[in-house]
Structure formats: C-alpha cells, structure tokens
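Chemist: So that we are looking at the same thing, I have put the structure below in structure tokens.
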Amino acid sequence: MLPAVSVSGLTKSYGRLTALSDVSLTIRDGEVLGLIGPNGAGKTTLFECLAGVLPYDAGTVAFDGAALPPRARASRIFYVPDGIAPWPAQSVRWALDFAIGFFGGRADRRAEVIERLALTPFLSSPIGTLSKGQRKRAVLAIGMLTPHPVLMIDEPFDGLDLRQTREVGAALRDHAADHRTLFLSIHQISDAARVCDRFVLLSGGRVRGEGTIDELRGIANPNSGNPDNPLNSSDLEAIVLARM
C-alpha cells in the first residue's frame, strides 16, 4: 500500500520540555494504524499536531508525497479527540445530521452507522446527558459519517465495556474496509491488537518502533525495565494472543 500520510522529523516543545522529538511515521492508504504507548508518551500531542490543532516546532506532514500546512489538512483529516461532548444541549440525531450537512458527509451511511454503534435508544437525548460510553459512541458516529480520507481517533474504546469494545472495534474494521484510513490512539495493547493492521510505538515523545506484529518481534525488548522501548516480551505476547 502507498503511504497516505508521511510524517518526518516532527518535534514539539513546551519550553524546556520536549513532548515530541523527531517523530517520523507512515500511515498507509486504507489501513488501520494503531498508536500505542504508556501514559505521557505524547500520543495526544502527536494527534493534535497532525490534525493542525496544535502548532509544532519542526518537521513535515505530507499527503500523497506533497507537504501540507495545518490549514490545508482540514479537508484530509478528521480528528475525534477523547473526552469531548460537542453541542451538549443538542440531540445525538441533530449532531449526526449537522456533521453530514456541514462536512458533506455520507448521508447514505447514516442508518448503518446508527445501527452498528447502537445509537437508536438515545438518538433524541441531548449529548450532555449521555453516559461516558454513550457519548463515546455518538462522537465516533460523527467521525464515521465525515468524508475525510483519514479518520484519526484518540482512545476510541474509552468508557466502553468489553462487549461494546469488540462491537465498536468490528465496526471500525468494516469502516476501514470501505476505503477509509484510520489512525487510532489506543491505551490497551490487547484492544489495539484486535483492530489494527500495524502499530506505532511511542514512548518519551519518540517513535520506538513501527510495523506489523512480525516486524515488532524484531524490536521487542525482553527487559521491561528499559524506558526506551515500551514493548517488552509480555506486551508482544498479549498482542499475538489477542490476534488469534
């Protein structure tokens, strides 16, 4: 697969604190790429920089080989942050219809997305009154109905139970199969393993590895005390078992 997005040398600092250091990675067209790493690794910062929400100090972000500034990325990437409640006074139904109308989204997919994410019982509920898991499914639906080639989601399974996580994971896999590229930041490695084709390992603001499970075997560190590599042999075993 050809790269849909190429990131090279991305660096972001807050004063003396370097949140991202020389980050380079590739998002391939039509894949589900997982961003994994410990808390504080810089995952959300990376997503915000790629989406153009946060300025960065150095580096390039290219689409199909052409570097694009943050404003130009608005038509290529749709970013779903974690822990948000957009339009809290409006109903879920209103939010979905607004997203389709404003972004020129897939009205023909509306009924399917509602069914796959089990939104029917609370379509009329204001978003601000939803539980954490219900709100998560609602914002995922908004993202899935947008037309942007790349859908980037921070913690897509946060607030979901095990059954809901598996159902939403299956819905995201099917969504990617319909000519959509997904980049997912996932805290739990086992969840990422069920959904993603490849992985980017981020720790301390640096990329420590990128590739499939077989490729990651080559960089797995049996010494879990090494802070330079977040993937130890136990982590790798969890990924392999989850994919079986």
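Chemist: Is the C-alpha gyration tensor of region 1-54 telling us rounded, prolate or oblate? Criteria: a/c under 1.5 is rounded; beyond that, a/b larger than b/c is prolate, otherwise oblate.
Modeler: prolate
Chemist: To check you understand DSSP bridge types, tell me what percent of the beta bridges within the chain (both residues inside) are antiparallel, rounded to 5.
Modeler: The answer is about 55 percent antiparallel.
Chemist: Just want the answer: with Cβ charges of +1 for Lys and Arg and -1 for Asp and Glu, which residue in Ser13, Ala176, Leu160 is farthest toward the dipole's positive end in the chain?
Modeler: Sorting the options by dipole projection puts first Leu160.
Chemist: With each run of n ≥ 4 DSSP H residues scored as -39500 (n - 2.57), what mean residue ellipticity at 222 nm is computed for the chain after dividing by its residue count and rounding to the nearest 500 deg cm²/dmol?
Modeler: Rounded to the nearest 500, it is -9500 deg cm²/dmol.
Chemist: Based only on other Cβ atoms within 10 Å, what is the fewest-to-most ordering of Ile27, Ile142?
Modeler: Ranking Ile27, Ile142 by Cβ neighbours within 10 Å, fewest first, gives Ile142, Ile27.
The numbers here are math on the coordinates, done by the rules we state, and not lab data. Owing to the predicted nature of the structure, the values given are computational and were not obtained by experimental measurement. Every residue, glycine as well, gets a Cβ built from its backbone with ideal geometry; the counts of neighbours run over all protein chains shown.
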